[in-house]
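Shown next, in structure tokens, is the structure this report addresses.
Just so it is clear, none of the values below were taken in a lab; they were calculated from the coordinates. What you are looking at is a predicted structure, and each value in this text was computed from that prediction instead of being measured. Positions of Cβ are generated from backbone atoms using ideal geometry, with glycine treated the same way; all protein chains shown enter the neighbour counts.
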Amino acid sequence: MLNIVVCIKQVPMVTELPWDEKTGTLRRDLAAGMMNPACKRAVEAALQIKEKQGASITVMTMGPPAAEEVLREALAMGADRGIFICDPILAGSDTYATSFILAAAIQKEASGCDLILCGAYTSDSETAQVGPQLAEELNIPAAAYAEHLDISGRILRVRRLVDNFRETLEMEFPALVTISMERYEPRYASFAGLNKAFMETDIPVLNAEALGITAANLEARGSRTKVRRVFIRKTQKENVMITGAAAIAAGEFLDRYQRAISAVIGKSIEAEKQA
Amino acid sequence: MKTGKNKRTMKNKQKSIWVFGDYRNYYQNRVTLQLISKAVDLARVVDAEVCAVVFGHNVEEWIMEYTAHGADRVLAIDHPSLTSYSTENYLALIEKLARQRDPDIILIGATDFGREFAPRLAKRLKTGLSADCVGLDIAPEGLLVQIAPSFGGHMLAEIVTEKHRPQMATVRPGTFKEIPHNYERTAIVERLSLPANLPASRVRVVEYERAAQKGHTIENAMVIVCGGRGMGNKNNFKKLNELARLLNGDVGATRPVVYAGWADHDALVGQAGKHIKPKILFSFGISGAIQHTAGLGEANFIVAINKNPQATMMKIADVAIAADASDLLNNLIKELKKRIRE
């Protein structure tokens, strides 16, 4: 039977995060979390493999204590086992460090697994870097942005569309694949599944020490990048503001720009001159 | 004498800024040329050469183009086995070259290929990488400042790789302007042979073909009507189609809207979706997270409608209409129907 590990991430539910313009600090506390959508599709891809040929699915995440709930959601969808990496000393890891930590957890808890799935990118940072870097850490073949997986024995076939080229790639297990947003529409977790996942299942928590990661390790293999400052993008446009009731604003807008719009769309929207 | 000689050697160690030659879809995707142009700016500040690195088969055309657009040096490996893009093969080649030559900076286009290739290269070289930068600069002490979207896209972050080299960044296509070509320019071209001990790629390419081009796409639409969550619900969102029809345009959508199932993934505009260049862009109920605005770089004229006049989208618009997006849409459709004469 195949052993599959799916690495998932909790992201803020809204993209419009509240922030303080003056300090540039983000009120992450005001945003609820959810499973990153591409990660959810990776869980779905694993479940479809399990249904087709049998597999044991381990879901794994790293994050603050609240992030545990995405593991429970994945268990409710049908995953078999959850592993939660949680330790304040791991907070603020960049993708270089994150992939190192995930690799350590996989080697400890799911050593010898056949297939590792990740979401192709997350909706909060969208670096798309952790999957490919995890493949490097584990020194296994990989493909990003997969739309479809086919398994035949120990051979994995991946179909994907990258930069307008349609590719079919083939590799042997163990392998890592990141799943795009194109297919693998995720299923809903059943109520019974949710109930079981949240009420009855224990999820082991691994801290850095359990993974054999020390401060010295983190110095050598941890984050390479440093954020110096964050700021809001500025713009220099004319920025005409139209206010007022919608009916009036719509008319005012068209009155001002009807000629320019007509020229672009190739038909006249200019109001008839009043007689 | 000895010290003097060492000093000279040190001085002669020319700093190098590398740009990875990503030539697939060359005529639509000019990101390599755009990066060469930016590298020329950066190289002036840190006193470095600009070196383009290109792998493939029959790469003379790209050598010529990279030279004409500003590269001082081109490292090229031309071999039939490199005919189709291969992440693992290209990784093995560039890793070896980077270890031999120790570039100070490596810039890679944030194409699908680049975004898979760059993180793996950074890991192999044990260095940092920032994703999808929208700006690059040199800090007073000489570090590469990588300006990248952050915190769900509302903010930009200045990222540096302090201790490790090379400093690496992927950069979104369209961020910088290419230098006009000059075919009189010359560069040092090093045509290198394929290393004999290159490990075989563990990933086999079974099929590799250009995807069929659709005729009309949102990427070449003149008018685009984009909607975000401020449209309120799926039914309100659907009315954007009517405005698009009246204006001979297409409908685009933000990520939350696509995730909510109000629009197809095909309509997604932004970093993870389509990059659009309409003459007129209508933006209904969109706050303006950078994941979305990243796709609007070439929109000529932006009309934003949002009940929050402080929304980012309202600030970057040419015309900002402070109103409920759905309400304004209905009125605009009504008003347009009165006025249109075919």
Original post:
Once the dipole of chain A is set up with Lys and Arg at +1 and Asp and Glu at -1 on Cβ about the Cα centre, which of A:ALA245, A:GLN258, A:ASN164 lies farthest towards its positive end?
Top reply: A:GLN258
Subject >> region B:248-307 - convex hull of alpha carbons, volume per residue in Å³ >> reply: 83
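Given +1 on the Cβ of Lys and Arg, -1 on the Cβ of Asp and Glu, and no further charges, what dipole in debye does region B:14-192 carry about its Cα centre, rounded to the nearest 20? Walk me through the numbers on the way to the answer.
On the way: 20 positive and 23 negative charges, 81 e Å.
Dipole magnitude for region B:14-192 comes out near 400 debye.
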**OP:** Could you please rank A:GLU238, B:GLU190, A:GLU136, placing first whichever residue has the fewest other Cβ atoms within 10 Å of its Cβ?
**Re:** A:GLU238, B:GLU190, A:GLU136
Subject >> Percent breakdown of C-alpha pair distances by 10 Å bin, ordered from the shortest bin, for region B:218-339 >> reply: 16, 53, 30, 1
Subject >> For chain A, calculated [θ]222 nm from helices alone, where every DSSP H run of n ≥ 4 adds -39500 (n - 2.57) >> reply: -10000 deg cm²/dmol
Subject >> Distance (nanometres) between label positions extended 7 Å along Cα→Cβ at A:ILE151 and A:LEU194 >> reply: 2.8
Original post:
So for region B:37-92, Kirkwood radius off the Cα pairs, Stokes-Einstein at 20 °C and 1.002 mPa s: how many µm² s⁻¹?
Top reply: 175
Subject >> Cut-off 17 Å, label 7 Å out along Cα→Cβ of A:ASN139, residues of region A:108-128 by amide N >> reply: A:108, A:111-113
Subject >> Principal axis dimensions, region A:95-250 - Cα atoms, whole angstrom, descending >> reply: 66, 42, 42
Subject >> Cβ-based exposure ranking for A:TYR188, B:TYR27, A:TYR96, in which fewest neighbours within 10 Å come first >> reply: B:TYR27, A:TYR188, A:TYR96
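Give me the extension gain from A:ALA247 to A:GLU219: residue separation times 0.36 nm, minus the current Cα-Cα distance, reported in nm with one decimal.
Full extension of this stretch gives 4.0 nm more.
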Original post:
Most exposed first by the Cβ proxy, i.e. fewest other Cβ within 10 Å, how do B:MET231, A:MET13, B:MET64, A:MET199 rank?
Top reply: A:MET199, A:MET13, B:MET64, B:MET231
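What are the semi-axes of the equivalent ellipsoid of region B:200-257, taken as the square roots of 5 times the eigenvalues of the Cα gyration tensor, listed largest first and rounded to whole Å? Kindly include the intermediate steps, with their values, before the conclusion.
Values: eigenvalues 243, 59, 13 Å².
Values for region B:200-257, descending: 35, 17, 8 Å.
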Subject >> Rounded to 5, percent antiparallel among DSSP beta bridges of the protein assembly as shown >> reply: 35
Original post:
Lysine pairs, Cα distance under 23 Å, 8 or more residues apart or cross-chain: how many in chain A?
Top reply: 14
Original post:
In the Gaussian network model of chain A, springs joining C-alpha atoms below 10 Å, which of A:GLN133, A:GLN53, A:GLN258 carries the largest mean-square fluctuation?
Top reply: A:GLN258
Original post:
What is the projected area of the convex hull of the Cα atoms of region B:14-192, averaged over all directions, in nm²?
Top reply: 9.8
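Find the percent of Cα-Cα distances in the protein assembly as shown that exceed 37 Å, and round it to a whole number. Write out the running numbers ahead of the final one.
Values: 72917 of 190036 pairs.
Beyond 37 Å sits 38 percent of the P(r) for the protein assembly as shown.
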Subject >> Per residue, the convex hull volume that the Cα atoms of chain B enclose (Å³) >> reply: 172
Original post:
With point charges of +1 on the Cβ of Lys and Arg and -1 on the Cβ of Asp and Glu, referenced to the Cα centre of chain B, which listed residue (B:GLY70, B:ILE17, B:VAL160) lies farthest in the positive direction of the dipole?
Top reply: B:VAL160
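Give me the one-decimal Kirkwood hydrodynamic radius in Å for chain A, with the sum taken over alpha-carbon pairs.
Working: mean 1/r = 0.0466 Å⁻¹.
Here the Kirkwood hydrodynamic radius works out to 21.5 Å.
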**OP:** Would you mind telling me which residue in B:PRO309, B:PRO140, B:PRO103 has the biggest mean-square fluctuation in a Gaussian network model of chain B, where springs connect alpha carbons within a distance under 10 angstrom?
**Re:** B:PRO140
**OP:** Take chain A, connect every pair of alpha-carbon atoms lying under 10 Å apart with a spring to form a Gaussian network, then pick out the residue of A:LYS50, A:LYS226, A:LYS108 with the largest mean-square fluctuation.
**Re:** A:LYS226
**OP:** State to the nearest 20 debye the size of the charge dipole of the protein assembly as shown about its Cα centre, where the only charges are +1 on K and R beta carbons and -1 on D and E beta carbons.
**Re:** 960
Subject >> Cα-projected label distance for B:ASN235 with A:ARG187, points at 7 Å along beta-carbon direction, nm >> reply: 3.2
Original post:
Dipole of the protein assembly as shown (Lys/Arg Cβ +1, Asp/Glu Cβ -1, origin at the Cα centre): which of B:LEU144, A:LEU134, A:LEU90 lies farthest to the positive side?
Top reply: B:LEU144
**OP:** Mind giving me the nanometre distance, one decimal, between the label points for A:SER262 and B:LEU198, set 7 Å out from Cα along Cα→Cβ?
**Re:** 6.1
**OP:** Report, for chain A, the % of DSSP beta bridges that are antiparallel, rounded to 5.
**Re:** 40
